[in-house]
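Taking it in order: structure first as structure tokens, then the write-up.
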Amino acid sequence: MRAPGSNLAPAAVAVIALATSSDAEGTLRSAVEASSLASRMTIGAAVNEGYFDADDGSYSQTAASQYNLVTAENSCKFGATEKVQNQFSFDACDQVLGFAEENNMAFRGHNLCWGVYNPSWVDDGGFSSAELTRILQNHINNTLTHYKGKAVAWDVVNEAIEDSAPYGLKKNTWNNITASGDATDYIDVAFAAARAADPDTLLFYNDYNVASMDGWSAGKSDAMFSMVKGMRDRGVPIDGVGLQMHVGCGYDLVDGVRANMQRYSDIGVQTHVTELDLTCEQSASYDCTWSGEVEEQQGRLYADLLQACVDVEGCTNFETWGFTDAHTWIKGDSHPLPFYDDYSEKKAVAMMMDVLASAN
Ligand code: XIL
């Protein structure tokens, strides 16, 4: 992979070897790898090592043939890798890295610092600011040293911004790291520790309700942009932002997503769509009873979002949170992912392949 734009940060030139072609033809992966986008963007999915043998191998076979990047759904998170203070267990996270390596896929790390799902020793330890700083640095240093040279990118900090105005930082344990009395201190500490441990992996901030700079997400999206721009201005080593995108089939802010990706690209910050799923749920304002028509509409939205990523040079990964409705964190019967329960393709797959083909 080459750097996606000449205006991007030097760290953006971090490269990892990707297969030049996949074994399977007629897949999302083969479409992106055959296209002019191959050197710029990956197509990814979150996977869970617990399912690698599931469904007679269909889970692994589909993941490896359709995608060229994977993220561990849970097993690389703080609560999984450092359950006990300073005792690191990377086995489950390593399984996902191993899967990526066996199948010539990129590996994306998720995540190093989050306000929720911390092990209880972190949240209940009553640590001072100085102790928390060391705990966070130690966690990041150990994790990124273990994965040095293996991960194309890491979500360094996850979901830090409040959901409503004035969009300050959520209160959490890490917030108590206030070296300068500023609530953003822990974020700077985390990024500095990550860069020190692995100079080549790309460092991301990842959040939800921020993908579009227009419409209902404008407030939080603008707050995140200011935060990231401020980090760049004061020399904090951030390379990119992750746009989660757990949204509904009726989502209608694609132009705002494209514009948002562009404003990041303009300041040299990459964007990854990190956690896309399109939930189809009946609501008062939206008729989403599953039908051929809804499948078509969902496919159109997957394709339009991929097109937005393709259109913006700084968008370098397009990734869904899971890939089959058989294994998704979304509860209920809401059909969020591009493959059915039995791994057959929804219309979304062909429609996304058309976008990739026409990028040539
Ligand atoms: C979710 C997983 O999918 C679930 O299995 C787990 O129980 C909770 O976390 N934002 C994130 C992801 O950044 O890590 C979350 O993943 C989904 C929301």
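What follows draws every value from the coordinates through simple rules; no lab data is involved. Keep in mind that what you see is a predicted model, and the values were worked out from it rather than measured. All Cβ positions, even for glycine, are placed from backbone atoms using ideal geometry, and neighbour counts span all protein chains on display.
Once you compute Rg and the Kirkwood Rh from C-alpha atoms, what is the Rg to Rh ratio for segment 232-360?
Taking Rh as the inverse mean 1/r over Cα pairs, Rg/Rh reads 1.01.
Report the net charge of residues surrounding GLY256, where surrounding means a beta-carbon distance below 15 angstrom and charges are Lys +1, Arg +1, Asp -1, Glu -1.
-3
Rg and Dmax of segment 165-234, using alpha carbons, in Å: what are they?
13.3, 39
Compute the length gained on full extension between ALA179 and ASP266: take 0.36 nm times their separation in residues and subtract their Cα-Cα distance, giving the result in nm to one decimal. Could you put the intermediate results ahead of the total?
Numbers: separation 87, 0.36 × 87 = 31.32 nm, distance 3.11 nm.
Going from the current span to full extension adds 28.2 nm.
Note down the nm distance, to one decimal, between modelled labels 7 Å out along Cα→Cβ at LYS170 and at ALA34.
4.2 nm
First select every other residue whose beta carbon is under 13 angstrom from the beta carbon of TRP121; then total the charges, Lys and Arg +1, Asp and Glu -1.
-3
Rounded to the nearest 0.05, what FRET efficiency is calculated for ASP255 and ASP56 with R0 set to 41 Å and r the Cβ-Cβ distance?
The formula returns an efficiency of 0.45 here.
Might you list the cysteines of the chain that have no disulfide-compatible partner by the rule of another cysteine's Cβ under 4.7 Å?
Result for the chain is CYS113, no neighbouring Cys Cβ within the cutoff.
Give me Rg/Rg_expected for segment 10-358, where Rg uses Cα atoms only and Rg_expected = 2.2 N^0.38 Å with N residues. Mind dumping the intermediate values first?
Numbers: Rg = 19.3 Å, N = 349, 2.2 N^0.38 = 20.4 Å.
Relative to the 2.2 N^0.38 Å estimate, segment 10-358 comes out at 0.95.
Give the distance, in whole Å, between the Cα centre of segment 220-295 and the Cα centre of segment 39-53.
Answer, in whole Å: 19.
Which pairs, out of LYS83/LYS331; LYS229/LYS331; LYS77/LYS170; LYS77/LYS148, put more than 25 Å between their alpha-carbon atoms?
On the way: LYS83/LYS331 27 Å; LYS229/LYS331 36 Å; LYS77/LYS170 19 Å; LYS77/LYS148 16 Å.
The pairs that break the limit, which is 25 Å between Cα atoms, are LYS83/LYS331; LYS229/LYS331.
Which one of TYR186, LEU276, THR201 is farthest out on the positive end of the charge dipole of segment 10-358, using unit charges on Cβ (Lys, Arg +1; Asp, Glu -1) and the Cα centre as origin?
TYR186
Modelled label-to-label distance, SER344 and SER226, 7 Å Cα→beta-carbon offset: nm?
5.1 nm
Under a plain spin-label model, where a point goes 7 Å from the Cα along Cα-to-Cβ, how far apart in nm are ALA130 and GLN85?
1.5 nm
Grab the Cα-Cα distance for ALA24 and LYS148, subtract it from 0.36 nm times how many residues apart they are, and report the gain in nm with one decimal.
Extra length from ALA24 to LYS148 when fully extended: 41.7 nm.
Would you mind getting me the FRET efficiency between GLU102 and ALA357? Use the beta-carbon distance for r and R0 = 25 Å, nearest 0.05. List each step's numbers first, then the result.
Details: r = 27 Å, r/R0 = 1.10.
Efficiency, from the Cβ-Cβ distance: 0.35.
Give the Rg (one decimal place) followed by the Dmax (whole number) of segment 152-303, computed from C-alpha coordinates and expressed in Å.
17.0, 56
Where does the charge balance sit around ALA160 when Lys and Arg score +1, Asp and Glu -1, over other residues with C-beta under 12 Å from its C-beta?
-4
Output the relative contact order of the chain, whole-number percent, from Cα pairs under 8 angstrom with separation of 6+ residues. Please report the intermediate quantities before stating the final value.
Details: 718 pairs, mean separation 64.1, N = 360.
Answer for the chain is 18 percent.
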